[in-house]
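Heads up, the thing below is written out as structure tokens.
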Amino acid sequence: MKRICTTITLFAALMWGALFLAGCNTGPTESEVATQVAEAVAATEAARPIDTPVPTATPTATPTTAPTATPTAASTDTPTPAPTDTPTPAPTATPTDTPTPTPEPVQVTLNKTVNLRGGPGTNYLVVKKGAKGATFDVVGQAEIQGVIWWQIDLGAGETAWVREDLVSLTGEADAVKVVAELPPTPEATPTPKPPPGPRGVLLYSNANIDAQQWELWEYNFNTGQKRFLHAWRTEVDFSPDGRQVAYFAWPGDKGRDQVGIWIMNNDYTNEHRILPGGAYPSFSPGGDRLAVMGDQIYIVNSDGGGLRPLIPGEYPDWSPVDNRIVFRNCFGGDCGIWLTDADAGGRVRLTTGGSDGQPAWSPDGKRIAFISQREGNFEIYVINADGSGRQRLTHRLASDGLPVWSPDGQWIAWRSDEGGTWGVWIMRPDGSGKRRLFDAPVLPVWFFEKMAWRR
């Protein structure tokens, strides 16, 4: 375009110059002028330099500076990739979930026999005794005054608590949940005062089966202790003041052959024989006389003098308050428990029963305990001193016998083979509160092995 404009401009100038010259002079003709113009154009073309092509510069984008006021990364143009075919993944096996391992149970083993309680503290009641070596699952814990208590599973939906220092723990303690809601603390309630238990000392005969001998033993109700006293001494009775003991000595006693009735102090010293024969001694209320059994019932002074017969019979027991003596006998076929007077004699029948025997006075002289087979095997009964008000106290398949009253009249001790083993038992005078005290074997001749009880 530039070249065309330049050519036209030059041509116009030449034309105007020629016209100007022609107007001033008488010039050439029209053909001459045409020839001159053509020559001028040719000369001009020859004189013009040839244009050299200039390469066109490729425009470049002016970079834009990212604003600095906002601390955001400058955006850059990301070239859009050409679309490519997405490969189809090869099928793979579906992964299975890895099973969560079952945590090891937390358990405790009892280090010794302990109390298992209804809550975390010694103020909770004992619900069960836990034996040494027993193992339980732990289901909870609680900290009480700085002491950890474990809640254990007893089975059947029951739980209990035990102190941490009494057990050995296996498993992770941290895995045991803390029990938020604890059992209510039991309120303190006044403990009713139990009725006084039996007190004093009981003397009884014990059969040494291996040695085939009778032995005299003492049981202390105050301490619960038993101790051996002598061999070959049986059928004991305390004096009313408890200072002396009368007993029957067997021939085997320390090799001597002096059988009979003996007396010793209550510390089991100063033994001396008062009769060369007799059995089943019973002190008078004053302690100066005794009733003894031989071919009949006799009265003798405590020093061995004044021996005299009283009445036919056996198992004599002198009243603690007067001269009455209760005994067993059959008079003309009338068998049972009878009364007589130690001085005046005579007799009064209290019971009718061929098997009634072993009568024993209560300390106040108002009642009498005895044994009878009237309703099967031997059982313990009580009657009033006039024979009325008979009451059966034992109801067993076992043999029961040899009753003796406690000094305060609140208990009766007796012998029984309940459960197949002979032992000493106690009960209330109405038959309640029966319990076994200890084993006490007997020989077949146990009927005469009476017991004695002092304060």
Descending Cα extents along the principal axes, segment 339-455, whole Å: 43, 33, 25
Residues whose placed amide H lies under 5 Å from that of V139, excluding near-sequence neighbours: Q151, I152, D153
Karplus (6.51, -1.76, 1.60) ³J(HN,Hα), θ = phi - 60°, over segment 212-221, in Hz, Gly and Pro reported as x: 6, 8, 8, 9, 9, 10, 10, 10, 9, 5
Anisotropy class of segment 105-168 from Cα gyration tensor, a/c 1.5 cut: rounded
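Once you have a ≥ b ≥ c as the square roots of the Cα gyration tensor eigenvalues for segment 199-452, tell me rounded if a/c is under 1.5, and otherwise prolate or oblate according to whether a/b is larger than b/c.
Working: a/c = 1.44, a/b = 1.04, b/c = 1.39.
Judged from the Cα gyration tensor, segment 199-452 comes out rounded (a/c under 1.5).
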Footprinting exposure proxy for I297, I426, I371 (fewest neighbouring C-beta atoms within 10 Å first): I426, I297, I371
Segment 133-232 - Debye-derived log10 I(q)/I(0), Cα point model, q = 0.10, 0.12, 0.16 Å⁻¹: -0.63, -0.68, -0.77
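Quick one: order R454, R435 by neighbouring beta-carbon count within 10 Å, fewest to most.
Fewest-to-most Cβ neighbours within 10 Å comes out as R435, R454.
Computed from the coordinates by the stated procedures, all read-outs in this text should not be read as laboratory data. Remember, predicted model here, so these are calculated numbers, not experimental data. All Cβ positions, glycine included, derive from the backbone under ideal geometry; neighbour counts span all protein chains shown.
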